[in-house]
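Colleague: Below you'll find the structure I mean.
The values are calculated or read from the model by the stated rules, or taken from the named source; none is laboratory data. What you are looking at is a predicted structure, and each value in this text was computed from that prediction instead of being measured. Note: ideal-geometry Cβ built from the backbone for every residue, glycine included; neighbour counts use all protein chains shown. For accessibility, only protein heavy atoms count, side chains too; no ligands or nucleic acids. Shrake-Rupley method; radii C 1.70, N 1.55, O 1.52, S 1.80 Å.
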Amino acid sequence: WILCCSILKRIRRENRRRPSPSKAMRGASFQMRLSMLAAVCSVAAADFRVKFDVMTADGEGSFVVKVREEWAPIGAARFKELVEEKFYDDTRFFRVIPTFMVQFGLSGNPQESSKWRSLPIQDEPVKASNKPGYITFAKTGAPNSRTTQLFINYVDNARLDGMGFAPFGEVEGNGMEVVKKIFNCGEKPNQGKIQAEGNAYLDKDFPDLSKIVKARVLGNDEL
């Protein structure tokens with residue numbers, strides 16, 4: 001998006017400087033170039049969908065998250081990167097508060113958690129509110145602390161907007177029916193132990209946790 005804005009400014013400068021036989025011709029050329037830029041930028045900022053195959057107390061299920069890149073392009077890009085790296089495959093929902101949200105995004109492999117924990121992303125403006133079904137990166141009170149952890153809002157958590165929690169997508173259709181079947185473990189699992197021991201700790205001490213079997217970006221032919 002930043003690149004598109006830069007190109008637009010350049011087109012405008014060149015349009016002002018470039019001599020033209022007539023205003024009409026110059027205007028037509030300018031509009032054509034703007035149309036081409038719009039087409040490029042619409043691809044660059046295109047929404048995409050991610051399907052989560054999960055295992056809950058009710059058995060197998062799935063839900064789809066529609067990512068809206070214009071809401072939070074930095075968060076959207078990191079999420080897509082993590083999904084394509086299969087980071088969320090075979091991970092657990094480790095913090096579940098029915099009156100608040102459900103949290104996940106710590107790898108079952110401690111080495112993976114350590115790797116991504118050292119690669120935080122920049123904060124960005126909050127353009128969409130934390131409504132029910134909206135998905136957002138978790139973060140600490142420190143600036144630029146988003147890494148891999150995500151949460152899906154169970155209720156309207158607009159109070160988080162002013163704290164810098166920027167939603168980047170939403171659960172589509174009746175997907176929240178599946179999300180609400182995620183096992184309610186409260187806040188019992190220790191995040192420090194998850195990071196240090198991964199699924200070995202969770203499967204031993206919290207065998208009933210719901211899990212993500214697989215997450216993948218859907219192709220255009222699957223939409």
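Colleague: Sort TRP71, TRP116 by accessible area with a 1.4 Å probe, largest first.
Modeller: Output order, biggest surface exposure first: TRP71, TRP116.
Colleague: What residues qualify as long-range amide H neighbours of PHE183, i.e. H under 5 Å apart, gap of 5 or more or another chain, H built at 1.01 Å from N?
Modeller: So PHE183 has HN proximity to ALA57, SER210.
Colleague: Is the range 73-223 best put as rounded, prolate or oblate by its Cα gyration tensor, with a ≥ b ≥ c the root eigenvalues, rounded for a/c under 1.5, and otherwise prolate when a/b is larger than b/c, oblate when not? Could the numbers behind the result be given before it?
Modeller: Values: a/c = 1.25, a/b = 1.18, b/c = 1.06.
Taking the square roots of the gyration eigenvalues as a ≥ b ≥ c, the range 73-223 is rounded.
Colleague: Mind listing the phi-derived Karplus ³J(HN,Hα) values for the range 129-140, rounded to whole Hz, using 6.51, -1.76 and 1.60 with θ = phi - 60°, and x for any glycine or proline?
Modeller: Result, ordered by residue: 7, 7, 7, x, x, 7, 10, 9, 6, 6, 7, 8 Hz.
Colleague: Something else now. Label the range 138-223 by shape, choosing from rounded, prolate and oblate, from the square roots a ≥ b ≥ c of the eigenvalues of the Cα gyration tensor; if a/c is under 1.5 it is rounded, and otherwise prolate applies when a/b is larger than b/c, oblate when it is not.
Modeller: Verdict is oblate for the range 138-223.
Colleague: With a 1.4 Å probe and every protein chain kept in, tell me what percent of the accessible surface of the range 121-223 is carbon plus sulfur.
Modeller: Details: 2510 of 5190 Å².
Within the range 121-223, the accessible surface is 48 percent carbon and sulfur.
Colleague: Sequence-distant or interchain residues sharing an amide H contact under 5 Å with GLN149, placed H: which?
Modeller: Long-range HN contacts for GLN149: ALA138.
Colleague: Let me know the shape class of the range 102-147, please: from the alpha-carbon gyration tensor, a ≥ b ≥ c as square roots of the eigenvalues, rounded when a/c is under 1.5, otherwise prolate if a/b is greater than b/c, or oblate.
Modeller: Cα axes put the range 102-147 in the oblate bin.
Colleague: Could you sort 192-199, 147-154 so that the peptide with the highest average Cβ count within 10 Å comes first and the rest follow in order?
Modeller: The densest-packed peptide leads the list: 147-154, 192-199.
Colleague: Continuing with this model, one more query. Between LYS80 and VAL213, what is the label-point separation in nm under the 7 Å Cα-to-beta-carbon projection?
Modeller: Taking the simple label geometry, VAL213 and LYS80 are separated by 2.7 nm.
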